[in-house]
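J.: Below are the structure tokens for one structure; questions will follow.
The values are calculated or read from the model by the stated rules, or taken from the named source; none is laboratory data. These numbers come from a predicted model, not from an experiment. We place every Cβ from the backbone using ideal geometry, glycine too, and count neighbours over all the protein chains shown. Accessible surface is based on the protein model in full, side chains and every heavy atom, while ligands, DNA and RNA are left aside. Shrake-Rupley method; radii C 1.70, N 1.55, O 1.52, S 1.80 Å.
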Amino acid sequence: MARNDTKARAGKAAQKTNPNRMWGGRYALGPAEIMEKINASIDFDRRLYAQDIAGSMAHADMLVAQGILTAKDGRAIKRGLAQIRAEIESGKFRFSTKLEDIHFNVEARLTDLIGPAGGRLHTARSRNDQVALDVRLWVRDTIDRLENMLRDLQSALIDRAEEYAATIMPGFTHLQTAQPITFGHHLLAYVEMVGRDRGRLRDCRARMNVSPLGAAALAGSPHPIDPRKTAKALGFDGPMANSLDAVSDRDYVVEFLGAASLAAVHLSRLAEEIVIWCSAPFRFIALSDAFTTGSSIMPQKRNPDAAELIRGKVGRIVGAFVALCTIMKGLPLTYGKDMQEDKEPLFDAADALELCIGAMTGMIRDLKANPERMRAVASADYSVATDLADWLVREIGLPFRQAHHVTGVLVGKAAAKGIDLDKLSLDEMQAVEPRITAAVYGVLTVEASVAARKSIGGTAPANVARAVKEARRRFLGPAR
């Protein structure tokens, strides 16, 4: 009895000497305070708790099925993990930086709840394959959520494109009036961009949908584990083929951040247009109070802050992509603690993108177009000049370069008189090209210009109406 007491006292003394019980007997002393601060990740990786617990439950089931763990221990582990999940979700769980990360925090609490069985959960597993699994599950869940949000954005864009299918606006190159188009056609361009963004996310998800669990620290496990079982239980296509790659791969995070960056760039381009369209010189659209802010000094102001913030957040998302590429570029196989730095940029970028998609969807549903102003600007600056050149080619057979020259001369004449092309007299036109007839006036309106663009992908209102239906079929499918 005295001998047992001595052992108990020695054990307690060892715990006091080594406050981090998760490191085992190799360490006689605890870490320096600064080491604890730089090493701990619990402040940000706690958001992996659901994935960590799901992975642990699947791992426990596999260990029981393989006879590595008793059924009794397996039940106790799953019961304890379910309690821990409830504690975290209710805000009652106490996270500790001394336990470094989400894995050790969960394991320590599990051992407190169920005793030695809690320590058996980590059999045939390392934090290396555990964190690789958790992050992979988190990215997969995030992709599913973002892809659905992007679908909602497409739905909003398609609805507005249908509403404004025949609303004429100026099309720009170099932000200079180029040719008339329709607002619906313009919005459908972003539907296509967002469709590619969704495709990239789906591609990323398909490539990353393999399980690293079973790789252990880096070399695999001597225990008779069944990685296929855990992979299937967690919704993966199968286990990863190489244990070294399993614990060191963060391609899927880089790929996700790359796809997120391009999606953010597309959102930023649309946000920039919204800022321009809302401005006083343009007045193409208006946003309600729900998506604008006022000024602390100028009472008349209505600022498109939501669009400006979307435009600004792209820097954070692209920055996260660059940061992770920089972290990974010099790492030898397999795991390095540098890889702990993948989570903060990943989480921040995903949060920012989710916020931007939600705000953009709201703005698209909120905006109101100003068709009269759009048409007025579309009619200015000789936007139908190309229609005149095309008419000269089509009707009197001029080579396009000659037709371009004739049109340029006529634009010059109109500009000198301060009038539109259709206000030039037939005599004035024939003085430049005698074969021009009165039929030319039929193509010199913005309505005629857009109606003529019937080629595949063109801006004709009839085209836009068909494109709206096709976009709904391609991108939205059956209502969900």
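J.: Can you give me the distance in nm between label points at VAL393 and ALA465, each placed 7 Å from the Cα along the Cα-to-Cβ direction?
T.: The two pseudo-label positions are separated by 2.8 nm.
J.: Let me ask something additional. Compute the convex hull volume of the Cα atoms of region 127-376, divide it by the residue count, and report the result per residue in Å³ as a whole number.
T.: It comes to 143 Å³ per residue, whole-number rounded.
J.: Turning to a different aspect of this structure: Please identify the helices of the chain, taking whole runs of DSSP H, that span at least 27 Å along their own axis as judged from the Cα atoms and have a mean Kyte-Doolittle score of 1.0 or higher.
T.: Qualifying helices: 251-278, 305-328.
J.: Set the bar at 31 Å for Cα to Cα. Now go through LYS72/LYS92; LYS232/LYS313; LYS98/LYS229; LYS78/LYS313 and name every pair that lies beyond it. Display every interim value, and only then the final one.
T.: Values: LYS72/LYS92 27 Å; LYS232/LYS313 37 Å; LYS98/LYS229 33 Å; LYS78/LYS313 41 Å.
Among LYS72/LYS92; LYS232/LYS313; LYS98/LYS229; LYS78/LYS313, the Cα-Cα distance tops 31 Å for LYS232/LYS313; LYS98/LYS229; LYS78/LYS313.
J.: Using a probe radius of 1.4 Å on heavy atoms only, what accessible surface per residue do you get for the chain? Whole Å² is fine.
T.: 49
J.: Okay, next question. Where both residues lie in the chain, what percent of DSSP beta bridges are antiparallel, nearest 5?
T.: Around 90 percent antiparallel, to the nearest 5.
J.: Using only protein heavy atoms and a 1.4 Å probe, report how much of LYS313 is accessible, in Å² to the nearest 10.
T.: 40
J.: Kirkwood hydrodynamic radius, the chain, all distinct C-alpha pairs: what's the number in Å?
T.: Result for the chain stands at 27.1 Å.
J.: Between ASP289 and ALA431, what is the spin-label point distance in nm, taking each point 7 Å from the Cα along the Cα→C-beta axis?
T.: Each label point lies 7 Å from its Cα, and together they span 5.8 nm.
J.: Ok, one more. Rounded, prolate or oblate: which one fits region 139-194, using the alpha carbon gyration tensor with axes a ≥ b ≥ c (rounded when a/c is under 1.5, else prolate when a/b beats b/c, else oblate)? Show your work: numbers first, answer last.
T.: Working: a/c = 5.68, a/b = 2.11, b/c = 2.70.
Note, shape of region 139-194 comes out oblate.
J.: Can you list the residues, at least 5 places off or on another chain, whose amide H is less than 5 Å from the amide H of THR182, using H built in the peptide plane?
T.: Here the answer is MET169, since their amide H atoms fall under 5 Å of that of THR182.
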